[in-house]
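Below is one structure, written out as structure tokens; the observations come after it.
Just so you know, all these numbers are worked out from the coordinates, no wet-lab data involved. If you're wondering where the values come from, they're calculated on a predicted model, not measured in any experiment. Reconstructed Cβ throughout: ideal geometry from the backbone, glycine too, with neighbour counts over all protein chains shown.
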Amino acid sequence: MTDCSICIKIKSESMQNVIEENKSAIGIASGYFREGHCSVIVKRHIKSISELSTDEYTDIFYIIKRIAKALEYKYDTDKTYLISIGDQVDHFHIHLIPKHKDKCSIGVYCFGKLFEAEGEQKPTLEEQVSLRDKLRNIISSQQ
Ligand SMILES: [Zn+2]
């Protein structure tokens, strides 16, 4: 049990903005960050995508794809941004934000602010290969 705001919202059963729901996930309309903004939340309280079971992964992305398709139709666009940060609410969820043709791209803000704060990283190919090797080793040791 947890007292996180998303868990409380899920348990309240008074969510009137639910678009779709399945065994592991709930897709909700929000509009909080931009017109058409929706979120898909996993029902179980987890902090990271790395904690998803295979069934939860399938369930959450099943809903994400269906809502993204609806958003792209409604806003006549061919792209939906997926953003998962969780700095404010420590319960894994993914924001879906349609790329409106007449509004700014979100990547400029996300990466622009990161570059501002940390400076643009310019890894060499050797550094990228080194990271690749380290991650491959970790992944193979986890199987
Ligand atoms: Zn929670």
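Of note:
- Remark on Gly36: its backbone amide H falls under 5 Å from those of Gly31, a criterion applied only to residues 5 or more positions apart or on other chains, H modelled at 1.01 Å from N.
- Mean sequence separation of contacting Cα pairs (under 8 Å, at least six apart), scaled by the length of the chain, corresponds to a relative contact order of 20 percent.
- For the chain, size of Cβ-based charge dipole, Lys and Arg +1, Asp and Glu -1, in debye: 280 debye
- Selection from Asn137, Tyr109, Ala29, by position along the positive dipole direction of the chain (Cβ): Ala29
- Pairs of alpha carbons in region 76-143 whose separation is greater than 18 Å (percent): 65 percent
- In order along region 57-66, the Karplus-derived 3J(HN,Hα) couplings, from 6.51 cos²θ - 1.76 cosθ + 1.60 at θ = phi - 60°, round to 4, 4, 5, 5, 6, 5, 5, 4, 4, 5 Hz, and Gly and Pro are given as x.
- Placing unit charges on the Cβ atoms of the charged side chains and taking the dipole of region 5-103 about its Cα centre, the candidate lying farthest along the positive direction among Thr77, Tyr62, Val40 is Thr77.
- Sorting 132-139, 75-82 by average packing, meaning the other beta carbons within 10 Å per residue, from highest down gives 75-82, 132-139.
- Rg/Rh for the chain, where both radii come from Cα atoms and Rh is the Kirkwood radius: 1.02
- Per-residue HN-Hα couplings for region 102-109 [Karplus 6.51, -1.76, 1.60; θ = phi - 60°; Hz; x = Gly/Pro]: 9, 10, 5, 6, 7, x, 4, 6
- Hits among lysines - C-alpha to C-alpha of Lys47 under 29 Å, sequence gap 8 or more where chains match: Lys9, Lys11, Lys23, Lys65, Lys69, Lys79, Lys99, Lys113, Lys134
- Taking 19 Å as the straight-line reach from the Cα of Lys74, the aspartates and glutamates in range (excluding those fewer than 8 positions away in the same chain) are Glu20, Glu35, Asp102.
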